[in-house]
Structures are given as C-alpha cells and as structure tokens.
C-alpha cells in the first residue's frame with residue numbers, strides 16, 4: 001500500500017480558497033435576501049448555491065493538486081461534473097434552509113445529515129473521477145465513516161450559526177466570518193480525513209480488467225447515491241413548504257384574533273381595549289409637548305326608539321352607516337372608536353378647542369342626514385361632549401368622564417348640539433353622586449341601613465296613632481345620609497328593590513316587638529317605590545314575611561305616591577286590591593303633586609290620603625291654600641278616607657288643618673324621625 005504526501009503550501013491555499021468562497025457565498029445570501037422581492041428569491045438561491053458549491057468543489061480539486069500521487073493521474077470528466085452537481089445541490093439546499101423563518105431541531109438535524117452526505121458524496125465522487133496508472137484505491141472503513149460524521153457534525157454547527165446570524169443585531173460580520181470558517185474547516189477536515197482513509201494498492205493487467213468491469217457498478221452506485229441525496233432534499237423541501245404554509249396560516253389566524261380583540265364586531269372600528277393601549281402611547285408622546293388632544297364623545301339621541309320601532313337589525317345598519325360617514329372626517333392624526341352601544345369617540349391629535357368645535361359641527365350635520373335602511377328613512381340626531389387633554393384631565397378615565405358629562409350637558413340643552421366641558425358645581429355633584437352609587441352596592445351587600453320612625457298624631461287628642469318608617473344610610477365615611485341623597489341612585493341601579501324588601505322585613509320585625517310593648521306605634525307605614533310596587537315578587541315576599549314573623553297584616557301600611565298609583569291605573573288597582581285582601585292597609589302619599597284626580601281616587605282601594613306639604617308650607621288663615629285644602633279634606637272624608645297632613649312645622653298650620661277636619665297630623669312640629677330607642681323613651685308615651 002502507498003500513502004499520499006502533500007505540498008503544504010497548496011494545502012494552505014486550498015483552505016484559503018474555501019474560506020474566501022464560503023465567506024462570499026454567505027455574504028451574498030445575507031445581503032441579497034434582505035431586500036429582495038419574492039419573485040427573485042429562487043434566482044438568488046441558485047446563485048448563492050452555485051458559489052458555495054464552487055467553494056466546496058474548488059477546495060477539493062486544489063487539495064488534490066497538493067497531493068503527490070504514486071503514479072500518473074487523470075480525471076474522468078463525467079464524474080468530475082457529477083461531483084460538482086452534488087456540491088451544487090447540497091449548497092442550494094443549505095442556503096435555502098438557512099433562509100427559513102424557523103429552524104427546529106428535527107429540521108436542523110435532517111438538514112445537517114443531508115448537507116454532510118452531500119459534501120461527502122462530492123468528495124468521494126470526485127475521487128472516483130481520478131484514475132491513477134497502476135494503482136487501485138481502497139478505503140479504510142473507520143476513517144471513511146469518520147469523514148462522513150465530520151461532514152454531518154460540521155454542517156450542524158454551520159447551520160446553527162447561519163440561522164443565528166440571520167436574527168443577530170450586533171457583531172454580524174463576526175458571525176458571518178464564524179459561519180464561513182466553520183464550513184471551511186468542515187470541508188477541509190472532511191477532505192483530508194477522507195484522503196487519509198485512502199490506500200493505493202499496485203495492480204497487474206488482469207486486475208485492471210476486473211476494475212474496468214466494476215466501473216459500471218461504481219457508476220450505478222454514484223447515480224444511486226446522487227438520486228438518494230436529491231430525493232431526500234426534495235422530500236425535506238416539500239415537508240418544509242407545508243410546514244411554512246401552516247405556520248403562515250397560524251400566524252395569520254393569530255393576527256386576525258389579535259385584531260378582533262381590539263376591534264368592534266359590528267362596525268369594525270377600534271374598541272375600548274384598543275383605546276386603552278392607544279391612550280397610553282398617546283399621552284406618553286404628548287406629555288412633554290404643548291399640543292392638545294381633543295376627545296369628542298358622540299351619543300345618538302333616542303337610539304333605543306329606533307331599535308324598539310324598527311328592530312335591532314335596522315339599528316345595527318344605522319350604526320354601520322354612521323361609522324362609514326364619520327370615517328370621512330378622519331386623517332392621519334385622528335381616530336374614530338366605538339366604545340358603547342350607540343356611543344362613539346373621536347380623538348383629534350394636535351388639536352385646539354376651536355378645531356374640535358368645527359369637527360363637532362360636521363359630525364352633527366352627518367348624523368342629521370337621513371339614513372335609508374331596508375326601504376325606510378330613519379332620522380336621528382346626536383349630542384356631543386368635548387374634553388381637552390391636558391386641560392380637562394391627565395388620564396383617560398378623567399377625560400372620558402368629563403367628555404361624557406359635557407355630552408349630558410348637550411342633552412340637557414335640547415340635544416342635537418355639542419358642549420365643551422367646563423368645571424361646575426353641578427358636574428362636581430354628578431361625580432359625587434357617581435361615587436355614592438358605587439358605595440351603595442357595598443351598602444346593600446353589608447346592610448348599612450337603619451330605620452328611623454316619625455310618629456303620626458291624631459289631630460284632636462294629639463296622641464300617637466302610628467309611625468312612618470324612614471330609611472337612613474349609615475355611610476362608613478360620610479355618616480348618616482337621608483333618602484334624598486341616595487334614593488334616586490338606588491332606583492337607577494335597581495338596588496331599591498333589595499333596599500325596599502329589607503325595610504319591609506325590618507318593619508315586620510319591629511311590629512312583632514311593639515305588638516306586646518308599644519301597640520300605640522302601630523301601624524307602621526312603609527314607603528314603596530314605583531319600581532318595587534310593580535315588582536313581580538312583591539306579593540310572595542310579603543306573604544313570606546307575614547308567615548315568618550306571624551304579625552297582624554293590618555299593622556302594616558304601605559304608602560305609594562300619587563304618581564305611582566296613576567302610572568298604570570288598571571294595574572295599580574289590581575295590585576292594591578290584592579294587597580287589601582291580604583289585610584294590609586294602603587295610603588296614597590304626596591297627594592296633590594301628581595294627577596290630583598278624585599275621579600281615579602274613588603276607584604283606588606286605599607285607606608288613607610296624605611296631603612303633600614307643598615300645600616301646607618304657605619298655609620295661613622283665609623288663604624287660597626286653606627280653600628284648596630278644605631275641598632280636598634272634605635271630598636276625601638266623603639270617600640271614606642283618613643286624611644293625614646304631613647310637613648306640619650307651625651302651630652298655625654296644625655290649628656287650621658284641625659279646624660278643616662284633617663284627622664291626622666305629621667311633621668317636625670309634633671315629632672322628628674328618630675331611632676327606636678329614642679322613640680320608645682320619648683315624651684309621647
């Protein structure tokens with residue numbers, strides 16, 4: 001066996017040639033793929049692969065020139081061309097693999113195996129192209145296997161570095177050199193390991209004939225290996241294309257889901273979630289600038305009526321058409337959002353209050369134009385409130401609250417107009433009411449209420465003939481609050497239902513006690529709001545309370561206002577008749593402030609009529625108030641009703657009402673609303 005000797009200057013030259021070619025190939029791929037158009041990708045891919053394949057191929061043949069063979073050598077043109085084609089195919093695949101968006105471990109490993117086999121295939125195909133006179137080439141299996149493993153391992157490291165280089169922001173040139181150096185060392189070490197595995201054995205003429213016969217078998221082997229490499233590359237490419245398509249679809253779906261999260265489903269406008277993110281960046285950008293930002297809060301007037309009369313599908317189409325109209329007013333420094341059912345918000349960057357007012361005028365004009373929907377002409381108007389950043393608020397919450405307050409001002413001014421927010425006592429009171437309503441939820445949950453009792457007196461004897469239960473809120477911070485401070489908020493939120501039932505139960509519990517100790521305080525009058533009077537569980541709740549506390553129903557008197565009784569007169573009569581059948585006493589409160597109709601009053605099954613204090617405040621002898629009260633009292637008595645006058649504050653008022661025939665009196669002159677302990681300890685007993 002004969003071993004190979006090398007010219008080390010050419011060995012170094014072959015390595016330098018490979019390093020330069022690899023560096024230019026990597027640079028070409030990294031540079032051209034960054035700004036290329038998709039239709040040129042395959043051309044760039046082929047050019048980069050051709051250059052990298054040439055680097056591998058040239059290194060091999062320059063290294064062959066550095067070796068001293070034992071005899072004259074010649075090269076088979078066919079195998080030489082095939083060896084380059086193998087290097088070219090492997091290089092094209094390598095460049096294509098490093099330009100993918102992702103490089104998972106399985107793809108990295110398969111690509112490394114394919115690239116390593118390509119480099120090894122190029123080398124051993126090139127060696128098959130070499131014919132040495134009088135010698136036969138044999139390979140040591142261990143070194144041959146090591147050369148293939150070196151090619152695969154070096155390809156694995158090269159691919160990993162190349163992929164990291166694609167996403168790197170710093171030291172790109174250093175990483176590019178590292179990629180080229182790693183690939184060069186892979187090719188060089190694999191080549192000289194493969195050369196070290198070669199042994200040259202002298203052969204005679206007969207052996208040459210046998211070698212010629214085996215040439216066809218070698219040719220078929222090379223063709224088979226080449227087809228195998230190309231086939232695997234094709235399968236990996238198809239698999240990669242499918243994975244990329246699925247990844248692209250998944251990315252698109254995720255992007256659509258992200259857009260849907262910040263987009264209104266109906267109008268496709270940005271929603272409140274987008275507003276929170278947008279405001280954060282908006283305020284950050286404008287924090288150190290003098291420019292103002294206008295927030296226009298747009299609300300449609302009587303939009304609920306459109307839904308009720310024409311249907312929700314018409315209302316939806318109206319909102320869509322309106323959003324399309326308002327979109328015409330937008331530019332690069334403004335946005336339109338839908339933040340509620342019929343509420344929109346337009347944000348004008350770098351704006352002034354004058355420009356905001358001009359835009360508001362245009363918005364109102366667009367809203368007033370008729371909408372043609374499903375063959376129907378729909379006409380609506382709008383109310384707009386304007387708040388300016390940073391004058392009217394430094395954060396999104398304050399700006400929205402103030403813009404909403406300005407919008408409500410527009411509605412109070414007759415609608416179809418706009419208002420610029422201004423600080424006023426009314427708006428401060430509205431804010432306080434909002435905070436109070438927020439606290440009211442916890443108050444109902446924790447039952448932070450108590451009942452005060454104001455006695456009623458017989459007009460002649462001035463003895464107690466019952467009490468009226470009046471609710472008070474023991475606010476943890478504001479102290480004891482009277483009903484006028486929170487009842488309206490309770491009605492708006494529906495909390496009045498739970499509060500009313502709590503008051504009824506407390507009254508029943510107190511009746512159970514006073515039946516034995518203070519029967520003169522009975523009956524207890526409890527006020528019912530209009531909402532509770534029409535509530536579907538009123539009768540069942542009263543029946544449960546009567547059964548639970550085992551009290552006489554006649555000791556309970558339910559008071560409803562005149563307006564409540566007249567709201568749905570037929571329904572009110574049925575409700576009152578059912579309550580009366582249960583044995584509960586009934587009273588009409590605040591008589592004289594509503595319909596004041598005796599025509600309806602004669603049909604109401606009630607026991608008591610309470611005259612509103614508005615008739616009593618200016619009561620004096622021979623006054624018009626006295627004449628009106630005389631008529632009311634006499635007519636009520638003839639209808640069989642007990643007449644109670646409330647709001648008595650002077651002895652003259654008490655004297656006149658007694659003279660006119662009023663049976664019961666109630667007011668601060670006679671007795672204040674007090675707690676149970678003070679009432680039981682009072683001088684009225």
Positions within region 322-344 being in a helix (DSSP H, G or I) and crowded, with 17+ Cβ neighbours inside 10 Å, in sequence order: 322, 323, 326
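Which residue out of 322, 364, 329, 348 is in contact (Cβ under 8 Å) with a residue 12 or more places away in the chain and under 22 Å from residue 280 (Cβ atoms)?
348
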Candidates 631, 525, 572, 554, filtered to the one that is within 22 Å of residue 483 (Cβ to Cβ) and either part of a helix (DSSP H, G or I) or in the same structural domain as residue 488 (by TED's automatic domain parsing) (or both): 525
Number of the condition not met by residue 607 [criteria: (1) within 57 Å of the chain's Cα centre (by Cα); (2) over 16 Å from residue 458 (Cβ atoms); (3) touching a residue at least 24 places away in the same chain (Cβ under 8 Å)]: (2)
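Just need a number here: residues in region 456-465 that are touching a residue at least 12 places away in the same chain (Cβ under 8 Å) and surrounded by fewer than 19 Cβ atoms within 10 Å (Cβ to Cβ).
Going through region 456-465 one residue at a time, the tally reaches 4.
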Verdict on residue 510 being closer than 23 Å to residue 473 by Cα, modelled with pLDDT of 95 or more and surrounded by 16 or more Cβ atoms within 10 Å (Cβ to Cβ): yes
Boolean, residue 569 is closer than 24 Å to residue 488 by Cα, in contact with a helix residue (DSSP H, G or I) (Cβ under 7 Å, 6 or more places away or on another chain) and crowded, with 21+ Cβ neighbours inside 10 Å: no
Unique residue being surrounded by 13 or more Cβ atoms within 10 Å (Cβ to Cβ), closer than 23 Å to residue 455 by Cα and over 60 Å from the mean Cα position of the chain (by Cα) when the list is 672, 660: 660
Count of region 518-541 residues which are touching a strand residue (DSSP E or B) at 6+ places or on another chain (Cβ under 7 Å) and over 17 Å from residue 585 (Cα atoms): 0
Exclusive hit being assigned by TED's automatic domain parsing to the domain that holds residue 575, out of contact with any strand residue (DSSP E or B) (no Cβ under 8 Å at 6 or more places or on another chain) and either surrounded by 15 or more Cβ atoms within 10 Å (Cβ to Cβ) or assigned to a loop (DSSP other than H, G, I, E, B) (or both), set 468, 515, 544: 515
Residue 401, sole failed condition from (1) free of Cβ contacts under 8 Å to residues at least 40 places away in the same chain; (2) buried (at least 17 other Cβ atoms within 10 Å of the Cβ); (3) not assigned by TED's automatic domain parsing to the domain that holds residue 343: (3)
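Return yes or no: is residue 94 within 21 Å of residue 188 (Cβ to Cβ) and modelled with pLDDT of 75 or more? Talk me through it step by step, then tell me what you get.
Values: within 21 Å of residue 188 (Cβ to Cβ): yes; modelled with pLDDT of 75 or more: no.
No: the conditions fail for residue 94.
The values are calculated or read from the model by the stated rules, or taken from the named source; none is laboratory data. Since the structure is predicted, the reported quantities are computational estimates derived from the model, not experimental observations. Counting neighbours? That spans all protein chains shown, and the Cβs are built from the backbone with ideal geometry, glycine included.
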